[in-house]
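Structure, as structure tokens:
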Amino acid sequence: MSFNLKDIQNPDFLRGLDLEELQMLADDIRLFLIDSISKTGGHLSSNLGVVELTIALHYVFDFKKDKILFDVGHQSYTHKILTGRAKYFDTLRKFYGLSGFQKRKESPYDVFEAGHSSTSLSAALGMAVARDLKKEDYNIVPVIGDGALLSGMALEALNNIGYEKKKIIIIFNDNDMSISRNVGAISKGFSNLRNSKQYNDLKVDIKGFLKKNEKYGSSIIESISNFKKAIKDQVVDSGIFKEFNLDYHGPVDGHNLKDLIRALEVAKDEDEPCVVHVVTKKGKGYEPAEEDFSGHWHGVGPFDIETAKPLVEIPKNYKSYSQVVADMVEHLMYSDDNIVAITPAMMAGSKLENIFAHFPDRSFDCGIAEEHAVTFAAGLALNGMRPFVSIYSSFLQRAYDQVNHDVCRMDLPVVFGIDRAGLVGDDGETHHGIFDISFLRSLPNIILAQGKDDKEIEDLIFTAFNQKHPFALRYPRGTSLYNGDTSSANEIKIGSWDYLLRHDNPDVVILSYGSDLLEIENIININNYNYDLINCRFFKPIDEAMIDEIVELNKTVYIYEGDMLIGGLSDAIGEYLVKTNQLLNMHVYAIDDIYPQQGTTNQIKEELKIDIKTFMKEIEDKLNA
């Protein structure tokens, strides 16, 4: 028997299948995911690991009225297939295509949206309280991984759920991984829970049997409850959930549909919040992904299924911007014993593997705990160390209070490597790193910069570790031809801008930053335009002397920004002009007050009418008008 997954309209058909047919469906879905993701790219390992779990959830619950929330949402591909979206998978993560996360506008089965971890439990409790206040009747089922459950927000939610005692069925998807292998004491506690299968199988069997026995079942359950608790305390170290006042079911084999369905049906009968502990294998069904502990197969581009090699490989003379930064920091660590590296569960993504391998005592993976990572860095800085915190721009948002209060307020020399700054493309609106200029520029003491190329990025890292204030360096996702040299980095004057192109009497003056400068410079040179081009590599402090100089030129100024208009570079310039009572004829191209969708960076910019070709064409048209 084989299933045409693209014909599936909704999950109702599942209840007409027996266990053997359900497993055949799981096998078909797994093959479909491997084949489809090999063409489009996407989150592979996490989705392969939850195929049977997702089928079992849709088999036991009716999510036309019940509500399912996938924490982060990147493991919802099987859910999308079962809810009628397999036919759109060739558009996955593409411009106006299927989202790689849950998306409310895609389907009524998607009731919550997220792209970052550890939000599902808080949202579930909000839904449960609303349900009960409105006297409605449905189940709420958040699915959260062990990596996400280590986050402070998830633990705060567990505490509140245990206190409120609203019925929520928490699916704890335990695969010992977030993106790469989990770290920390709580993760070790989860390992103990995995080793108690005999007790939990017995518990499910007895409870299911006694519930069916109307005459004696209830009284027997009540009479042995204390005995059960005593056994559980001895056999299962379930204190993690017990202390939150939550009933516990598991561990359950997450690839055994019979066990999954049985455990979920028992949990469905609970009247109070409970946890179903499901043990899964990340990457299940694709050997290279099963054997991956580095996080490589968590999110991938298109690849060859047979060889497991990417279809597009980075040329040897190219480097990702993440690698440029990591290599420069590692170079400095050899000569400065005070430099330490910190990451919140993004060692592989931020290319810190060599640092962790070569400096194990000075490298720290904090898990999915951005807030902790930043204040941890503050404590290190207060005691003479020089922390480097490597963090994605869209993840840094979660630690804004700590950057503000614990680093900037005390003016501590923490260096932030803001990875994935700017538009990131196919991960979409939850991951675009377009807000950090706006939310960091308002903080006293911080220095905020972005280099135009590899060499300037290295110089700015070198500069950051040769000054004594909070320093944040932005760099985008992607790669470039590598022309840097870690051994010859130079210090750059804080707040200084410079001319890339300068003329005696320019037609216009263009201000921009980052790698966009190189594309603008190339167009100017090819067309022999009489334009000045200024590299505004510092957003804070800005080069006030150069702004005064530009005002004196009395030329029209065009500012190109690849980030949010509000609070960005042009706002910084405008604030200075107002303060000094100066006027400047400025035209600004930036992202307006919206959340841009997914797609390639060029597609997004073209839709927003801020692509560089349009920008340069409009300058030419205005000059010729």
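A few comments on the model shown:
- Gyration tensor verdict on the range 26-65 (Cα atoms; rounded if a/c is under 1.5, prolate if a/b is larger than b/c, oblate otherwise): prolate
- Folded to 0 to 90 degrees: helix 197-212 orientation relative to the chain principal axis, Cα: 60 degrees
- The angle separating the long axis of helix 152-164 from the principal Cα axis of greatest extent in the chain is about 40 degrees.
- Exceeding the 26 Å Cα-Cα cut-off - candidates K455/K540; K452/K613; K258/K282; K39/K351; K134/K258; K242/K268: K134/K258
- Principal-axis tilt of helix 185-194 within the chain, Cα atoms, nearest 10 degrees: 30 degrees
- 43 Å tail of the calculated P(r), the chain, as % of Cα pairs: 29 percent
- Distance between modelled label sites at I526 and D507, nm, 7 Å Cα→Cβ extension: 1.6 nm
- Averaging the Cα positions of each part gives two centres, and for the range 527-554 and the range 284-357 these lie 37 Å apart.
- M616 - accessible surface, heavy atoms, 1.4 Å probe, Å² rounded to 10: 10 Å²
- The range 388-502: C-alpha gyration tensor shape, a/c 1.5 cut-off, then a/b vs b/c: oblate
- Listed by chain and number, the aspartates and glutamates placed with their C-alpha closer than 13 angstrom to that of K555 are D504, D507, D532; residues fewer than eight positions away on the same chain are left out.
- Cα shape, the range 334-404, gyration tensor, a/c 1.5 rule: oblate
- Whole-number Å³ per residue for the convex hull built on Cα positions in the range 374-423: 62 Å³
The values are calculated or read from the model by the stated rules, or taken from the named source; none is laboratory data. Everything numeric in this text was worked out from a predicted model, so none of it was measured. Every residue, glycine among them, receives a Cβ derived from its backbone with ideal geometry; neighbour counts consider all protein chains shown. Just so you know, the surface numbers come from the protein's heavy atoms only, side chains and all, with ligands and any DNA or RNA stripped out. Shrake-Rupley method; radii C 1.70, N 1.55, O 1.52, S 1.80 Å.
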